[in-house]
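Chemist: Here it is, the structure, as structure tokens.
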Amino acid sequence: MLDSETVETASRAPDNSAKNSLAARVGWAILILATLYVCYFRHLGAIGFVGPDEPRYAWIARDMVETGDWVTPHLYGKPWFEKPPLFYWCAALCFKLFGVSEAAARLPSAICALLATLALAWLAFRLYGAETARWLLLLLPTTVGMIGFSHAASTDMPFSAMLTIAMVCAAVVLGLTRNENSPVLPETPWFALVLFGVFLGLAVLAKGPAGIILAGGAVFLWALFTKRWRDAFRLFHPAALASFFATALPWYILCARRNPDFFRIFIVEHNFKRYLTPEFQHVQPLGYYLPILLIALSPWILWAISFRLPKLASSSRGEFPAASAYLWTWAVFPVAFFTISKSKLPGYILPVLAPCMLLLVALLSKLIQQNRALARWPLMGIGALFACLAIWAFHDLYQFRDYSRVHWAFVAGPFFVVFFSVPAIVGGIVTISAALLSRVRLAQTVAVISFLLMLVAAQDALRKFNMDLSARIAASEIEQVNALKVYAFRVQRGWLYQLNFYLHREVPQWAPGQPGVAIVVLPRKAVVELKRNVKVLDVIYDFSEEANILRVVPLSDSASP
């Protein structure tokens with residue numbers, strides 16, 4: 001017979017196991033929630049609008065709120081048909097709810113990134129199990145591409161997110177999610193068909209017919225490789241077609257009826273001509289998207305380089321051949337499609353990040369099961385990368401004696417270097433140590449936490465680059481002397497669009513002979529040219545590499561400000 005101590009010990013064991021399991025789940029939940037918040041929502045308004053697209057799209061959204069016209073997008077009072085209205089609608093709604101700000105304009109992209117991540121995690125759970133889904137929730141948001149585009153007021157993330165969710169729904173319709181990993185969840189083909197049509201329609205409302213082409217091309221390639229044409233044709237079910245047309249067509253019909261030139265401008269010029277001709281001046285070499293994809297998947301792309309993905313993918317086809325083929329065609333077709341295009345921009349292949357990361361995380365789990373020793377090396381490379389970033393930050397901080405250029409670490413300040421470098425060095429060393437001891441999952445976790453701490457430090461320091469990246473501070477300085485006229489002189493178009501948005505008017509170009517005292521925004525290199533024609537009274541803003549703001553008066557005018 002068992003003594004009382006043995007019985008008591010045995011009775012306590014399940015309780016301790018349950019407590020450990022609960023603690024692990026709570027820890028995972030906290031880490032995942034912190035990752036999603038830091039990567040997608042933290043410091044959305046840290047800097048002003050950058051580039052030419054953000055201020056233009058924000059202007060159109062603000063115009064919708066002010067005029068009440070939610071059908072025809074307007075830029076500076078004229079119809080603007082470069083993109084469909086989904087992002088404008090979302091940003092305008094955020095402006096109505098939270099006021100006009102950079103954070104409100106970027107919030108739709110952050111929410112779309114979150115929805116796409118959750119949908120892909122659900123697909124990962126159905127295909128590969130809970131552990132793969134958990135790691136996807138940590139690794140996908142911490143890629144450079146997802147962080148950058150979730151903080152951009154642009155159409156790229158809404159389009160990518162709607163297309164990602166549509167492809168997840170298509171996987172259900174194609175029967176790829178029927179396996180033993182999730183027997184509790186029922187199959188809902190009718191609901192999946194309707195959702196597929198809705199989200200594909202939203203993708204078309206986000207960026208146009210490219211959504212149909214990318215989804216259709218990927219499914220076509222999948223059917224070609226797997227010979228499952230009958231499953232592919234399920235996507236043409238009346239329920240999917242009806243929900244797609246009900247979602248996408250109303251705006252296109254209304255806009256075309258109100259604007260007779262809509263079809264020519266949007267479909268012909270901004271779709272066919274953009275793809276087939278170099279008219280929009282975005283010409284890039286044939287291999288342009290390879291380095292872009294490597295950067296977008298950083299820092300975790302180091303695993304893919306070391307894993308020999310094709311070999312592992314072929315070995316995994318025995319378990320989920322159709323699912324693996326689906327993810328590969330989903331990842332490959334957009335890259336091939338936009339590689340042929342005459343116009344290439346980084347955001348075009350954002351939809352590729354989702355299937356690439358799902359493949360990477362699934363193959364990572366398989367590698368750890370098959371060869372834990374081999375999995376150590378890419379983790380050691382990531383740890384070494386973090387340590388090198390810390391050394392680079394210290395080097396850039398203390399090399400400011402070279403006054404030929406402004407060093408980014410000096411501008412960010414010593415506090416940034418410390419708060420960035422400490423988790424980089426410590427996390428790098430711990431990651432390498434854990435990898436050497438074959439504690440691969442511990443090394444992964446430490447690498448993710450270290451990256452999050454480095455990202456927090458970088459986000460906090462980003463505000464100090466407002467003068468260089470955005471015209472927000474310059475516009476606030478100009479508004480303090482609103483009695484003067486404002487002109488732009490040889491300013492790059494990104495800054496010009498930013499000035500237009502922040503000053504809430506279209507800033508005209510300055511030319512010699514303009515009467516009266518005025519403020520002129522110009523690049524630093526154009527100051528000498530301006531001084532030949534005007535008398536410079538004072539410099540209001542003289543820090544950015546992009547522009548100075550000078551208060552000027554024509555030489556023939558002796559008035560003082």
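Bear in mind these aren't lab numbers, they're just calculated from the coordinates by the rules spelled out. Since the model is a prediction, treat every value here as computed from it, not as a measurement. Because the Cβ atoms are built from the backbone with ideal geometry, glycine has one as well, and the counts that use them run over all protein chains shown.
Chemist: Whose amide H sits under 5 Å from the amide H of A488, counting only residues 5 or more places off or on another chain, with H placed in the peptide plane?
Modeler: Sorted by chain and number, the residues that satisfy this are Q509, W510, V521.
Chemist: Per 0.36 nm of contour for each residue apart, how much would the distance between K227 and L241 grow if the chain were fully extended, relative to their Cα-Cα spacing?
Modeler: Here the segment from K227 to L241 would lengthen by 2.7 nm.
Chemist: Could you calculate the contour length gain from S476 to L254, that is, 0.36 nm times the residue separation minus the distance between their Cα atoms, to one decimal place in nm?
Modeler: Difference between extended and current length: 76.1 nm.
Chemist: Starting from the Cα of K366, draw a straight line to each of the lysines and keep only those under 26 Å, dropping any in the same chain fewer than 8 residues away.
Modeler: Qualifying lysines at Cα under 26 Å: K311.
Chemist: If you take the square roots of the eigenvalues of the alpha-carbon gyration tensor of the range 190-248 and sort them as a ≥ b ≥ c, do you get rounded (a/c under 1.5), prolate (a/b over b/c) or oblate? Don't jump to the answer; show the numbers that get you there.
Modeler: Details: a/c = 2.94, a/b = 1.37, b/c = 2.15.
Since a/c reaches 1.5 but b/c is at least a/b, the shape of the range 190-248 is classed as oblate.
Chemist: Could I ask something else about it? Kindly flag which residue pairs out of K207/K273; K96/K207; K464/K525 have an alpha-carbon separation exceeding 18 Å in this structure. Numbers along the way, then the final one.
Modeler: Working: K207/K273 15 Å; K96/K207 23 Å; K464/K525 23 Å.
Table pairs above 18 Å Cα-Cα are K96/K207; K464/K525.
Chemist: What lysines does K535 reach when the alpha-carbon gap must be under 16 Å and sequence neighbours fewer than 8 apart in one chain are set aside?
Modeler: Within the straight-line cut-off, K535 pairs with K485.
Chemist: Right, something else. Please give the FRET efficiency for R264 paired with K78, using the beta carbon to beta carbon distance and R0 = 25 Å, rounded to the nearest 0.05.
Modeler: Values: r = 15 Å, r/R0 = 0.61.
About 0.95, to the nearest 0.05.
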